[in-house]
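Heads up, the thing below is written out as structure tokens.
The values are calculated or read from the model by the stated rules, or taken from the named source; none is laboratory data. Please read all numbers here as calculations on a predicted model, not as lab measurements. Using ideal geometry, Cβ is built from the backbone for each residue, glycine included, and neighbour counts are taken over all protein chains shown.
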Amino acid sequence: MKSISLYEDKNSVINMLAPMTKVIYIIAALIVPFLLGSNTISVVFIGISILVLIIGKVLKRVVPIIGFSSIIVLSVIIIQGLFRAGNVTPLFSIGPAVFYKEGLLFALDIGINILNILLSFSVLVLTTKPSDLIEGFVRIGLSPRLGYVLISVFQIIPQMTETMVTITDAQRSRGMETEGNLITRIKAFFPLISPVVMSSLVNTKERAIALEVRGFNSKQKKTFLNEEHKTMADIVIKIILVFAIVASIVGRVIIWLK
Amino acid sequence: MKKNSMWSLKLNTAALVLIPAAVGINYLGKLFAGLLKLPLWLDSIGTCLAAVLGGPIVGAICGAVNNIIYGLTMDPISTVYALTSAFIGIAVGVCAYKGAMKNVKGAILTGIIAGLVAVVISTPLNMRFWGGTTGNVWGDAAYAWAIANNIPAFLASALDEVIVDAPDKIVTLLIVFGIYKGLPKTLTGLYKNDQEIESLD
Amino acid sequence: MAKIVVEHLKYKYPLTDKLALNDISFTIEPGEFIGIVGKNNSGKSTLCQALVGLVPAFYKGAYGGKVYIDHVEVAKSDISEMCKKVGIVFQNPFNQVTGSKISVYEEIGFGLENMGISRTEMIERIDEAMELLDISKYKDRNPFDLSGGQMQRMAIASIIAMRPEVIILDEPTSQLDPQGSEEVFQAVQALSKKGISIIMVEHKIEKIAQYSDKVMLLNDGKLIDFDTPQKIFSMDNILEYGIAPPAFTQICRGLGIYNKESGLYPVTLEEAQNIFFSKGIGGRSNE
């Protein structure tokens, strides 16, 4: 079954780290530059993320994630560079369109911010098994029922996507047109989505029953079949990150008081 | 028979299992829209349907989970818009609870409300992260036009978002209405905790 | 050991007028293998779900009478408590996969985690269950990547690991191919030999005849009869209830081969052979 997650086990040290450690890293990467209002710090975190991704042997897999947002970043560059209120210093022009320095700098800020978010998320997402991540949250107190909801999405979606081909073929063979003018195509949408919904709802009912009879609503404290990830490295890294976050909060307060 | 408030946080098992299925329906809706090259996202059919079947809380969780999973598997920025999806779920759930989804007019109204909610929540997010644009060609063109005409960035961004979301949500809610009307009662009654066991003794 | 006592059980699904279960009473002793037969919509599934508590807790509706498992009243208990005593397996193997576990091994452990069982004991129970259902070789596979028969055996293993004293199987082979069905029946036999009470709803009447100590015939929500397979399948008017007796029984009926002491027809090939070879061709014309 094809997975929707981007995770792949590369047997690297980063894979061994606890999911929570990486979550705290994301929080640090986002909050510290934000609180201290500094783009330089964002760039530092970008550097750290890239380094971690290289150690984790997953740097190449960042490309589709960044690619996804690159269109938006491009549109930001164009629109802010051309039209931002307060654009006074022209930098260069392509034909009649003049790109201004202020707008482009603004776009650069946004770009750095986005890149930081994407890379720190990638550190988590490319090196952590989704079930381990959710289990990590359940261990620290997330409701196991909500944990179930999150984790089952990872499996249910590929299952449903696999049925998409069957449904499309079945409806096509019943004479449904999927190409043509807009109205034709709009009309085709309903007979495609309807069977998906119907069978999902029936499956939902039966699955809910199956969960109930396996003690899903038990008030007992849940135990875990898997062993917990925990290494010395986890503890050290977490301390450093938490320290950085606290330091930035203190820094922010100091700036306010000035 | 006591009717639980629509804001009850106690979700039964069926409602919980509905959520991943609804996220799957969101996914497939988007895939089918892409397959048919329709000019709409149609990626919140599941969330809206879940909100109609299970109420605003189910809708909210569904919307949030949808974006969180999307963020973890494809596009991290989606995670931020979990807020928008959650509020769309709440809005549709409230409208459905008040009886709006009983006819086509009500469905259109619900779609408009959902679209407005999306604009109100997403615009500040768009401003904070992207400077106001959305990445959608038509919406951003409108943004560019507005900025060029000295309209404040905030309003320009809101206009961008309206163009992106309003038609999509209206069509989505019409589709949800069509689906909901065709569902047997045995499937629709399972998700709310509003029934009591009667005694036959 | 768990004794099942049902007294005047009545049930109506929400938004319906007809009683799905209409004043049903019976007792099942520990360790028995009970077959439930009846045509579609006779109340078999509803009855199964009433023994676990899904009726009425999951479906709501209107409920009357009492069901006791081991002296505990089912309707007054949580399903999560009852499921420790009574396990149930359904028709569709696919919908019994939780979807939250990525290996067969972990999937079987799902119920145990919910029950708060310790890790070492979980491992022991899961290994034991996989052994019994002969699925140890699939332990690292994704649950969705199994065949129908394998998935159904995994579902049974998941229930067995919870060590209930009663297991209900509601048409467990309806959606399986012949090989898958055979795998399931063998597994059920193994379970029965371990002393677990089995209640099985099946349309494959030969299997019911072969395995059951007693057979329950339902029709229209009512309990028509609850007796040995020989008695039930020898009923003269059984076809009225939408049930065709096992092939052997029909043949013996046609040939006049029956058990002289009880006046009943055999329900399995072995029985028929015994009568045939030990007493010569028994017929009403003899004696």
In the set C:Val97, C:Val89, the lone residue that is buried (at least 22 other Cβ atoms within 10 Å of the Cβ) and within 20 Å of C:Val166 (Cα to Cα) is C:Val89
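List the strands (runs of 3 or more DSSP E) that sit entirely inside the range C:21-74 and contain at least 3 residues that are within 13 Å of another protein chain (Cβ to nearest Cβ).
Details: elements: C:21-28, C:33-37, C:62-69.
Here the list reads C:21-28, C:62-69.
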Top-ranked residue in the range A:183-216 [being without any contact (Cβ under 8 Å) to a residue 40 or more places away in the chain, within 20 Å of C:Val97 (Cβ to Cβ) and hydroxyl-bearing (Ser, Thr, Tyr); ranked as nearest to the other protein chains (Cβ to nearest Cβ)]
A:Thr204
First in the range A:1-14 and more than 9 Å from chain B (Cβ to nearest Cβ), second anywhere and acidic (Asp, Glu), Cβ under 6 Å, 6 or more apart
A:Met1/C:Asp145
Could you tell me which residue of the range A:138-182 is surrounded by the fewest Cβ atoms within 10 Å (Cβ to Cβ), considering only residues that are of a type in the set (D, E, K, R) and farther than 22 Å from A:Ala18 by Cα?
A:Arg174
Please go through the range C:170-208 and pick out each residue that is farther than 18 Å from C:Ile28 by Cα, of a type in the set (Ser, Thr, Tyr) and touching a Pro at 6+ places or on another chain (Cβ under 9 Å).
C:Ser181
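Every residue, every condition in (1) modelled with pLDDT of 90 or more; (2) among the acidic types (Asp, Glu); (3) crowded, with 16+ Cβ neighbours inside 10 Å, yes or no:
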residue: A:Ile193; (1), (2), (3): no, no, yes
residue: A:Ser199; (1), (2), (3): no, no, no
residue: A:Asn203; (1), (2), (3): yes, no, yes
residue: A:Val213; (1), (2), (3): yes, no, yes
residue: A:Ser218; (1), (2), (3): yes, no, yes
residue: A:Phe224; (1), (2), (3): yes, no, no
residue: A:Glu227; (1), (2), (3): no, yes, no
residue: A:Lys230; (1), (2), (3): no, no, no
residue: A:Asp234; (1), (2), (3): no, yes, yes
Consider B:Ile108 carefully, then state whether it is surrounded by fewer than 19 Cβ atoms within 10 Å (Cβ to Cβ), touching a residue at least 24 places away in the same chain (Cβ under 8 Å) and of a type in the set (A, V, I, L, M).
yes
Residue that is farthest from the other protein chains (Cβ to nearest Cβ), among those in the range B:144-201 that are crowded, with 23+ Cβ neighbours inside 10 Å and part of a loop (DSSP other than H, G, I, E, B):
B:Tyr191
Which ones in the range A:136-181 are of a type in the set (A, V, I, L, M), over 30 Å from C:Ser80 (Cβ atoms) and facing chain B (nearest Cβ under 8 Å)?
A:Met164
If you check A:Val62, A:Val76, which single one turns out to be among the aliphatic types (A, V, I, L, M), at the interface with chain B (Cβ under 10 Å from one of its Cβ atoms) and part of a helix (DSSP H, G or I)?
A:Val76
